[in-house]
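Enquirer: The structure's right below; bear with me while I get my questions together.
Nothing in this text is a laboratory measurement; each read-out follows from the coordinates by a stated rule. What you see is a predicted model; the values in this text were computed from it and never measured. All Cβ positions, glycine included, derive from the backbone under ideal geometry; neighbour counts span all protein chains shown.
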Amino acid sequence: MDLTKLKSRFLEIFEGEKENDVKLFFSPGRINLIGEHIDYNGGFVFPAAITFGTYAVVTPRLDGKVALYSGNFASDGIIEFALADLAREDDEPWSVYVKGVIDVFIKAGYDINQGFNAYIEGNIPNGAGLSSSASLEVLIGLILEDLNGLSISGVDNAKLGQKAENDYVGVNCGIMDQFAIAMGKKDKAIKLNTDTLAYEYADCDLKDYQILIMNTNKQRELADSKYNERRAECDAALELLQTKADISYLCDLSATEFDKISDVLVEENLYKRAKHATTENERVKLAIAALAKGDLAEFGQLLNGSHTSLRDDYEVTGIELDIIVDLAVKQDGVLGARMTGAGFGGCAIALVHQDKLAQVQQAIAKGYQEKIGYEAEFYVASIGDGAHKL
């Protein structure tokens, strides 16, 4: 992203602002290498920040108002509101995430009195499942910290971003996306215990392989998807399993322990959702161990197993994701592939030998166009740093 162009665009939109007053911020998107739909079930996840993300050009203002403009949603024009009135509007556009973060910061006791102008533009494909909303939430947290002279840890910024999404936006997401975005490090993935928030960085040494992001271009809106329904099913399954075991989360059970008491889940859907959570948690631990010992073939097989479970037991993939993953795993030079993110469209990732990237991409693109009728998009992911001031 050209920062000079971003600044120029800001100065065009917000006439009268001075270039010397401008501050620049960046917040990445994320991919999750493995561990899907278990960040709200107390499991381990293995995400990483990527070099695509959301940029903000900001100047402070003294009238207690916030004015926003998005280069990605230019037709919305300038959206303005007062810090003293954060009520959610009917059909609120993307600004709902900004208002939500400010609202939870104030309710958490932070003194937020500095208004601002912000030009925001991202190069994360919208609706692709690379966490553009969490990227924006963490970005706003960073801006509030800087402009109001606060001291907020990356972990707390992530927690507040999640709270904004849960309580204000109304999407019952887990902590993983915001955590990876706030805490990411270049060339590192994060082994995160979503129950305790204990974490450690792991070298993401993929040797001669690269992560290919495959965007199905099937749009999905989390709030309107079956995401909250899946969470409710997990909660219902947990309640039944708690009659047999002293657990707080589904992922407190190993797959073997789950098998021993799963007869209490007479409803097939509840059984399948809980089975995914327990087996996926074990795949994460195996995948991290495989990566640590440099066994990329095993790592790839675990990616495949994750997708199968998300398709058959959690039922969050859909024809587009299934076709693009199926096409990928059939290609020479691909060790494994899986959907990443919430599902119901969006993106999948594949572990591809760097010498085969072009031909793999070409083959998947051709097959996908033939079967789905429109084009997929492809990006090679680099693992980058978390949110920061530029």
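Enquirer: Cross-link candidates for residue 18: which lysines have Cα within less than 27 Å, leaving aside residues fewer than 8 places away along the same chain?
Expert: Of all the lysines, those that pass the test against residue 18 - Cα under 27 Å, at least 8 places apart if same chain - are 5, 7, 65, 99, 389.
Enquirer: Considering the zone a paramagnetic label at residue 123 would reach in this model (a point 7 Å from Cα along the Cα-to-Cβ line), which residues of the range 11-26 have amide N under 16 Å from it?
Expert: Inside the label zone: 25-26.
Enquirer: Additional query: Using Cα pairs closer than 8 Å and at least 6 residues apart in sequence, work out the relative contact order for the chain, in percent.
Expert: That works out to 23 percent.
Enquirer: Shape verdict for the range 209-381, please, from the Cα gyration tensor: rounded (a/c under 1.5), prolate (a/b greater than b/c) or oblate.
Expert: Oblate shape, in that a/c is at least 1.5 and b/c is the bigger or equal ratio.
Enquirer: Using Cα positions and a limit of under 18 Å, work out the aspartates and glutamates in reach of residue 293, with same-chain residues fewer than 8 apart set aside.
Expert: The qualifying aspartates and glutamates are 187, 200, 203, 205, 208, 282.
Enquirer: When Lys and Arg each count +1 and Asp and Glu each count -1, what net charge do the other residues less than 15 Å away from residue 24, Cβ to Cβ, add up to?
Expert: Summing Lys/Arg as +1 and Asp/Glu as -1 gives -2.
Enquirer: Mind checking the angle between helix 132-147 and the chain's longest principal axis? C-alpha axes, 0 to 90 degrees, to the nearest 10.
Expert: 40 degrees
Enquirer: Compute the helix-to-body angle for 95-107: its Cα long axis versus the longest principal axis of the chain, expressed 0 to 90° and rounded to tens.
Expert: Result, in degrees: 80.
Enquirer: Need the full-extension length gain, residue 88 to residue 24, defined as separation in residues times 0.36 nm minus the C-alpha distance. One decimal, nm.
Expert: Contour length minus the Cα-Cα distance gives 20.4 nm.
Enquirer: If you don't mind, another one. So if R0 is 56 Å, what FRET efficiency would residue 308 and residue 107 give, r being the distance between their Cβ atoms, rounded to the nearest 0.05?
Expert: 0.85
Enquirer: Right, next: Relative contact order for the range 1-151 using alpha-carbon pairs under 8 Å, separation at least 6, rounded to a whole percent?
Expert: Worked out over the range 1-151, it gives 28 percent.
Enquirer: Also: Where does helix 357-372 land angle-wise versus the long Cα axis of the chain, in degrees 0 to 90, nearest 10?
Expert: It is inclined by approximately 90 degrees.
Enquirer: Another one. Mind checking which lysines have their C-alpha under 22 Å from residue 260, skipping anything on the same chain fewer than 8 residues away?
Expert: 244, 272, 275, 285
Enquirer: Then there is this: Among 195, 21, rank each residue by its count of other Cβ atoms within 10 Å, from fewest to most, as a rough exposure measure.
Expert: The most exposed by this proxy come first: 21, 195.
Enquirer: Using the Kirkwood radius built from alpha carbon pairs, what does the Stokes-Einstein equation give as D for the range 282-370 at 25 °C and 0.890 mPa s, in µm² per second?
Expert: For these conditions, the coefficient is 185 µm²/s.
Enquirer: Taking neighbour Cβ counts within 10 Å as the exposure measure, how do 227, 201 sort from fewest upward?
Expert: The most exposed by this proxy come first: 201, 227.
Enquirer: Once the piece of chain linking residue 246 and residue 266 is laid out straight, how much longer is it, given 0.36 nm per residue of separation minus the C-alpha distance between them?
Expert: 5.2 nm
Enquirer: Return the calculated 222 nm mean residue ellipticity for the chain, to the nearest 500 deg cm²/dmol, obtained by summing -39500 (n - 2.57) across DSSP H runs with n ≥ 4 and dividing by the residue count.
Expert: -12000 deg cm²/dmol
Enquirer: Considering Cα pairs under 8 angstrom that are at least six residues apart, work out the relative contact order of the range 209-381 and quote it in whole percent.
Expert: 34 percent
Enquirer: How large is the dipole of the range 1-79 about the Cα centre if only Lys and Arg carry +1 and Asp and Glu carry -1, each at its Cβ, rounded to the nearest 20 debye?
Expert: My answer is approximately 120 debye.
Enquirer: Moving on. For q = 0.07 Å⁻¹, what log10 I(q)/I(0) does the chain give under the Debye formula with an equal point scatterer on each alpha carbon and no solvent?
Expert: Normalising to I(0) and taking log10 leaves -0.32.
Enquirer: So, by mean Cβ neighbours within 10 angstrom, what's the order for 334-343, 364-373 with the highest one leading?
Expert: Put in order of decreasing packing, that is 334-343, 364-373.
Enquirer: Further question on the same structure: Which residues' amide hydrogens lie under 5 Å from the amide hydrogen of residue 50, considering only partners 5 or more residues apart or on another chain, with H built in the peptide plane?
Expert: 29, 30, 31, 384
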